[in-house]
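> Pasting a structure below so you can have a look.
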Amino acid sequence: MCDDYNLYPLKVFVTVARLRSVTLAAAELKVTQPAVSAHLRSIEERYGGKLFDRSSRGMILTPLGETVLHHTKILLADLKTMRSEIEMSQGIVRGEFTVAASSTSGAYLLPQKLREFKTLHPQTDPIVTLGNSSDVMEAVEAYRAHLGICGERSKQAWMDSCLIGTDQLTLYCASSDPMAKVERIEDRHLLGRTLFVREPRSSTRKHTEEILKETVYRFRRTVEVSHVEAIKQMVIAGLGVAILSSQATRLECEQGLLCPVKDPRFRKVRSFYCIKRNDRTIHGPGSVFWDFLTHATKSETEAG
């Protein structure tokens with residue numbers, strides 16, 4: 001049986017799998033719902049089974065659907081980079097590439113790296129998505145992003161990584177807070193205070209727990225907030241304290257709004273990495289950006 005056929009039904013299938021809805025997929029693709037259903041039936045007829053089960057949670061992939069989705073993602077990713085690979089062989093660097101970035105690296109580290117890269121290659125078009133570090137790793141593992149930028153995480157079998165930068169995580173308080181002047185923080189300085197923390201899947205949360213493992217129980221309460229900017233504003237308002245990144249707080253410190261505590265026990269250097277799948281060959285601008293980050297980091301290390 002020849003499998004050479006129009007790939008559009010597979011694009012429809014991936015869209016339905018992502019949205020878990022024929023209705024939403026039809027709206028996004030700007031086609032009718034019967035057309036979406038017809039494309040799904042054509043794939044089911046070709047491979048001899050159901051792709052989805054309907055449930056209260058929407059369209060749920062069957063085992064066959066999971067298999068088809070896995071290979072379709074690889075196929076579409078390879079096709080998407082084919083044009084870039086051909087252009088690269090002709091010395092042309094242009095086109096889209098996808099980067100998934102954690103909140104801190106995506107807001108404070110990646111923009112500068114991308115600005116420098118686009119100065120060298122102005123015809124490239126990076127597409128950036130933001131999440132926490134676990135989201136980034138999942139996006140790269142599932143082929144949804146060519147590259148990922150995230151805080152220090154455990155090495156995975158499928159992963160290649162390169163160090164691209166560091167920051168310092170420190171306990172911050174409002175500049176007007178008396179604790180800003182304390183040389184050595186004691187339990188009494190933490191009693192009655194609120195500690196703001198990131199969500200569990202973030203790199204910052206992981207390191208916060210490591211930094212404060214001996215003292216976290218001294219705080220009156222711990223409040224989970226998923227946005228760095230919201231946490232900063234809470235601390236500036238004097239509502240509590242938080243472990244924050246030196247990159248994320250640079251402007252607020254310059255403006256005299258936030259202050260890192262002086263006690264070195266409440267500090268830790270964190271690394272940021274660019275990651276990619278080691279079983280996926282990245283072509284085009286994504287490959288060039290990986291090389292740019294690797295060489296730029298090497299040059300910075302040798303210089304400093």
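Just so it is clear, none of the values below were taken in a lab; they were calculated from the coordinates. Computed from a predicted structure; not experimentally measured. With ideal geometry, Cβ positions are generated from the backbone for all residues, glycine too; neighbour counts draw on all protein chains shown.
> Take Tyr108 and tell me if it is touching a residue at least 60 places away in the same chain (Cβ under 8 Å), out of contact with any Gly (no Cβ under 9 Å at 6 or more places or on another chain) and over 30 Å from Glu66 (Cβ atoms).
On the way: touching a residue at least 60 places away in the same chain (Cβ under 8 Å): yes; out of contact with any Gly (no Cβ under 9 Å at 6 or more places or on another chain): yes; over 30 Å from Glu66 (Cβ atoms): yes.
Yes, satisfied.
> On to the next question. Strands (runs of 3 or more DSSP E) wholly in segment 193-304 with at least 3 residues that are farther than 30 Å from Val93 by Cα, out of contact with any Phe, Trp or Tyr (no Cβ under 9 Å at 6 or more places or on another chain) and touching a residue at least 40 places away in the same chain (Cβ under 8 Å) - which ones? Explain how you work it out, then say what you get.
On the way: elements: 194-197, 221-224, 241-245, 258-260, 267-277.
In segment 193-304, 267-277 are the strands (runs of 3 or more DSSP E) which contain 3 or more residues that are farther than 30 Å from Val93 by Cα, out of contact with any Phe, Trp or Tyr (no Cβ under 9 Å at 6 or more places or on another chain) and touching a residue at least 40 places away in the same chain (Cβ under 8 Å).
Residue by residue, here is whether (1) closer than 21 Å to Tyr143 by Cα; (2) loosely packed, with under 13 Cβ neighbours inside 10 Å; (3) touching a helix residue (DSSP H, G or I) at 6+ places or on another chain (Cβ under 6 Å) holds:
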{"site": "Lys11", "(1), (2), (3)": "yes, no, no"}
{"site": "Ser42", "(1), (2), (3)": "no, no, yes"}
{"site": "Val68", "(1), (2), (3)": "yes, no, no"}
{"site": "Thr72", "(1), (2), (3)": "yes, no, yes"}
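> Out of (1) surrounded by 17 or more Cβ atoms within 10 Å (Cβ to Cβ); (2) within 14 Å of Thr104 (Cα to Cα), what's the single condition that is false for Val235?
(2)
> Listed residues Ser203, Ser226; which is in contact with a helix residue (DSSP H, G or I) (Cβ under 9 Å, 6 or more places away or on another chain), over 13 Å from Leu258 (Cα atoms) and surrounded by 22 or more Cβ atoms within 10 Å (Cβ to Cβ)?
When all the criteria are applied, what remains is Ser203.
> More than 23 Å from Ser102 (Cβ to Cβ), touching a His at 6+ places or on another chain (Cβ under 9 Å) and not acidic (Asp, Glu): which single residue out of Arg265, Arg270, Arg280, Arg218 fits that description?
Result of the check over Arg265, Arg270, Arg280, Arg218: Arg218.
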